[in-house]
């Protein structure tokens, strides 16, 4: 097991953050975890993140240190193509390779900061909420301006009320970020947006997945559109200071 720097997180929180990563084909156990944490502490990390399969035997070793999971991430895979869900009459849905309009970029960043509230970062009370919001705003900006290969936007007039970003790599399509403006919750926007993703995938020979926190109501939304849970991971934050 080794420690890798997490510069994006470090930049936004102003503390040194890393991730514990298992070596390929490793036989990591309690001793390897302890050694990795000692190395992280010597290197000056304030906290390291660790994500393990829900069935990983290393969970016992981590929790023996007094660490509890901050969240459970459910990965779902698209297995069937559900019927399309049209958006509300006042809303239009657009597909973009990237977003270039400065007003749209700012609107999406603001929307993300306001409505994103479910993640392992939000769940950790030692991480300041303001910095978490700023991190997600920056993440969204990076996605829509080039990191993501597809951004789907819903508008009411000129106002951006929802968006989804997709990371496409060969035969892999990953739903990365999703947000719906609070005023539009419960009005069918989320369903229409996920349906638009499924429609865009159509008969492409790809594997489409999405990761969702186990306590996020969106899990049921994805299930209605043909996404089936395939595995779960738990996330730990091991604070060293």
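The values are calculated or read from the model by the stated rules, or taken from the named source; none is laboratory data. In this text the structure is predicted, and so the values were computed from the model without any measurement. Neighbour counts run over all protein chains shown; Cβ positions are idealised from the backbone, glycine included.
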Total residues in the range 115-148, condition over 12 Å from the mean Cα position of the chain (by Cα), under 17 Å from residue 167 (Cβ atoms) and in a helix (DSSP H, G or I): 7
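Tell me which residues, restricted to the range 164-174, are assigned to a loop (DSSP other than H, G, I, E, B) and out of contact with any strand residue (DSSP E or B) (no Cβ under 9 Å at 6 or more places or on another chain).
Of all residues in the range 164-174, those assigned to a loop (DSSP other than H, G, I, E, B) come to 170-171.
Hit for the range 164-174 is 170, nothing else.
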Any idea which of (1) outside the structural domain of residue 227 (by TED's automatic domain parsing); (2) at pLDDT below 95 is the one residue 82 doesn't satisfy? (1)
Restricting to the range 64-93, name every residue that is exposed (fewer than 14 other Cβ atoms within 10 Å of the Cβ), touching a strand residue (DSSP E or B) at 6+ places or on another chain (Cβ under 8 Å) and either part of a strand (DSSP E or B) or without any contact (Cβ under 8 Å) to a residue 40 or more places away in the chain (or both). 92
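Would you check which residues across the range 149-160 are more than 21 Å from residue 224 (Cα to Cα) and in a strand (DSSP E or B) and list them? Walk me through it before giving the result.
Of the residues in the range 149-160, the ones more than 21 Å from residue 224 (Cα to Cα) are 149-151, 155-160.
Result: 150, 151, 155, 156, 159, 160.
For the range 24-63, give me the residue count where each residue is part of a loop (DSSP other than H, G, I, E, B), more than 24 Å from residue 13 (Cα to Cα) and modelled with pLDDT of 90 or more. So that I can check it myself, show each step before the final result.
First, pick out the residues of the range 24-63 that are part of a loop (DSSP other than H, G, I, E, B): 24-29, 43-46, 54-57.
Filter once more, keeping what is more than 24 Å from residue 13 (Cα to Cα): 24-29, 54-57.
Still in the running and modelled with pLDDT of 90 or more: 54-56.
Here the count works out to 3.
Consider residue 111 carefully, then state whether it is at pLDDT 95 or above, surrounded by 15 or more Cβ atoms within 10 Å (Cβ to Cβ) and outside any helix (DSSP H, G or I).
Values: at pLDDT 95 or above: yes; surrounded by 15 or more Cβ atoms within 10 Å (Cβ to Cβ): yes; outside any helix (DSSP H, G or I): no.
Spelling it out, it is not the case that residue 111 is at pLDDT 95 or above, surrounded by 15 or more Cβ atoms within 10 Å (Cβ to Cβ) and outside any helix (DSSP H, G or I).
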Looking at (1) modelled with pLDDT under 95; (2) surrounded by fewer than 20 Cβ atoms within 10 Å (Cβ to Cβ), which is the only condition residue 123 fails? (1)
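Residues checked against (1) crowded, with 16+ Cβ neighbours inside 10 Å; (2) without any contact (Cβ under 8 Å) to a residue 24 or more places away in the chain; (3) assigned to a strand (DSSP E or B); (4) not assigned by TED's automatic domain parsing to the domain that holds residue 97:
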| residue | (1), (2), (3), (4) |
| --- | --- |
| 162 | yes, no, yes, no |
| 176 | yes, no, yes, no |
| 183 | no, yes, no, no |
| 190 | yes, no, no, no |
| 195 | yes, no, no, no |
| 203 | no, yes, no, no |
| 208 | yes, no, yes, no |
| 221 | yes, no, no, no |
